[in-house]
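Quick notes on the structure that follows.
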Amino acid sequence: MIIYEQPLTEKIRLFLRLEALVKRYRYHMRDPDAAPEESLAALLVLLDLYNLAARVDLKSEVIKELDRIALVAKQTYSSEAGTETLAVILDQLQQHAAFLHALPSQLGNYLRDHSFFSNLRQRAALPGGLNGFDSPVLHFWYQRPIETRRANLESWSKPYQVAADALTFSLNLIRNCCDTTEVVAKAGFFQMVLDSRKPYQLLQIMLPNEERYYPEISAGKQRFSLRFLDSEEIGERSKQQSTHDIIFYLKLCNF
């Protein structure tokens, strides 16, 4: 099944972006013997992480989310049968919170006055600006042994990875606490008013891998709508909504 996720709050949108960027960063760092181009790709993701965290005190937001999850977990698993599950969740939350509190400052602060990184931020704003002739210091770093480049990248990215690990744990709790229903989108369209008594944070659309359609989702706190578009129209100027009835699984998640 293909799972399409849509955040229902701006906070969850921010968290999903951080999670996705760190996942992409780790992909480029997976091979210890990778070509220099992988180091540059990881560096570009690190620039995105810096820009993402520069807009908000992400460290504080993640700590607040861990506190919220802990409170909900205590309410959800208050019965004797849930004691063991609650203990595991609280232990994990405490570990992630301790790692975050151990970080010396807000995410990205240590890179704000970093001369090498500042040079890259300026050049990255230009199309093709990250190259050896526009940025000699990048070319110099590019020629360093791979062990040096990887050590630099891991040092610079560590706070973001710590935050992302905490968020992934929290997001997975949300993902695993969902109301799931089989739904039919009549003529490729579906809309629904959300239950105001449940503060849903995330919705998921599940479709078979072989399905030729994909959902375009418009969502807010009170309602959402889906338009299923024909994947064969990718690249075409106009997107065509399907005229077929499409069966899919809808998951509304909150924790």
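Average accessible surface for segment 174-217: 58 Å² per residue, computed with a 1.4 Å probe over protein heavy atoms with every protein chain in place. Protection proxy ranking, highest mean first, for peptides 100-112, 51-63, 162-174: 162-174, 51-63, 100-112, where packing is the per-residue count of other beta-carbon atoms within 10 Å, averaged.
At an R0 of 41 angstrom, the distance between the Cβ atoms of N152 and A187 translates into a FRET efficiency of 0.15. Computed over protein heavy atoms with a 1.4 Å probe, the accessible surface of segment 1-59 works out to 51 Å² per residue.
The solvent-accessible area of H114, taken with every protein chain present and a 1.4 Å probe, is close to 60 Å². Once Kirkwood radius over Cα pairs in Å is calculated for the structure shown, the corresponding label among (1) 21.9; (2) 17.5; (3) 20.9 turns out to be (3).
Span-like helix criteria (full DSSP H runs; alpha carbon extent of at least 30 Å along the helix axis; mean Kyte-Doolittle hydropathy of at least -0.5) are satisfied in the chain by 146-175. Over segment 1-113, what percent of the accessible surface lies on carbon and sulfur atoms, probe 1.4 Å? That fraction is 53 percent. Working from label points 7 Å from Cα in the Cα-to-Cβ sense, the L71 to A125 distance is 4.0 nm. Apolar share of the accessible surface for segment 189-236: 45 percent from carbon plus sulfur atoms, 1.4 Å probe. Computed from the C-beta positions of S225 and E84 and an R0 of 45 Å, the FRET efficiency is 0.65 to the nearest 0.05.
The values are calculated or read from the model by the stated rules, or taken from the named source; none is laboratory data. Remember, it's a predicted structure, so these values are computed and weren't measured experimentally. Neighbour counts run over all protein chains shown; Cβ positions are idealised from the backbone, glycine included. Calculation scope for accessible area: heavy atoms of the full protein, side chains included, ligands and nucleic acids excluded. Shrake-Rupley method; radii C 1.70, N 1.55, O 1.52, S 1.80 Å.
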